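Any read-out appearing in this document is the output of simple, stated calculations on the displayed coordinates, not a laboratory observation. What you are looking at is a predicted structure, and each value in this text was computed from that prediction instead of being measured.
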Amino acid sequence: MDERYYHIPYDDLVIGQEASLQLVMSEELVNAYSHLIGDKESFHVSEEAAQVSRFKRRVAHGVHIFSYVSFLIGTKLPGFGTIYLSQKIDYHHPVYIGEEIVCKVRVLEKMSSKRIRLETLVHMGETLILSGEGIVMCWR
């Protein structure tokens, strides 16, 4: 199979197996995501709005941050062809522009019909940003 379509087959997955992704939540990323969804005036894109919000400065969209977890699942664990079936997310802390985050997924359970239960986490240093569990179906 073409290397661009990396995938770990269901039978090769192991409980506790992990993958991670590290990135800086840059102003460019936040602006691009805001533009994509049509967000033009929120505290995510406006310094003025952010100053009167509970955050006092611009923060990344929570679902934008989570999208990197989805990317990680679709590219590394289990990889290409994975189908999302469900996801529970708890948000714990905002991510301000310029902060570095680490997204991590870990196999918790192998289920029937090539489904797996994953722990989904995002940290910023020692600070937990979001946590959750997802169910995905492996391609093969």
* For region 19-131: lysine pairs with Cα atoms under 25 Å, gap of 8 or more or different chains, count? -> 9
* When the chain is treated as a GNM, springs tying every alpha-carbon pair under 10 Å, which of HIS61, HIS123, HIS35 comes out with the largest mean-square fluctuation? -> HIS35
* Using a Gaussian network model of the chain whose springs link C-alpha atoms within less than 10 Å, name the residue from MET25, MET111, MET124 with the highest mean-square fluctuation. => MET111
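Would you compute, from DSSP H runs of 4+ residues alone, the mean residue ellipticity of the chain at 222 nm, taking -39500 (n - 2.57) per run and dividing by the full residue count, rounded to the nearest 500? Display every interim value, and only then the final one.
Working: 3 runs with 30 residues, N = 140.
When only DSSP H runs of four or more count, the value is -6500 deg cm²/dmol.
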* To do: Calculate how large, on average over all directions, the projected area of the Cα convex hull of region 7-57 is; give the answer in nm² to one decimal.
  => 6.1 nm²
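Name the shape class, rounded, prolate or oblate, that the alpha-carbon gyration tensor gives for region 67-121, where a ≥ b ≥ c are the square roots of its eigenvalues, rounded holds for a/c under 1.5, and otherwise prolate holds if a/b is larger than b/c and oblate otherwise.
Numbers: a/c = 2.63, a/b = 1.87, b/c = 1.41.
Since a/c reaches 1.5 and a/b is larger than b/c, the shape of region 67-121 is classed as prolate.
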* Asked: ³J(HN,Hα) across region 103-112 via Karplus (A = 6.51, B = -1.76, C = 1.60, θ = phi - 60°), whole Hz, x for Gly/Pro?
  -> 9, 9, 10, 9, 6, 9, 7, 9, 10, 5
* GNM on the chain, C-alpha springs below 10 Å: top fluctuator among VAL95, VAL107, VAL63? -> VAL63
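Based on alpha-carbon atoms only, what is the radius of gyration of the chain relative to the globular estimate 2.2 N^0.38 Å? All intermediate terms of the calculation are to be shown ahead of the outcome.
Details: Rg = 16.5 Å, N = 140, 2.2 N^0.38 = 14.4 Å.
The chain yields a ratio of 1.14.
At 0.36 nm per residue, and after removing the present C-alpha to C-alpha distance, how many nm does the segment from SER46 to GLU28 gain when stretched out fully? Before the final figure, lay out the partial values.
Values: separation 18, 0.36 × 18 = 6.48 nm, distance 1.35 nm.
Result for the pair: 5.1 nm of gain on full extension.
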* To do: Using only Cα atoms, tell me the angle between helix 27-37 and the longest principal axis of the chain; keep it within 0 to 90° and round to the nearest 10.
  => 80 degrees
* Asked: Using the alpha-carbon atoms, what tilt in degrees (0 to 90, nearest 10) does helix 62-75 show relative to the longest principal axis of the chain?
  -> 30 degrees
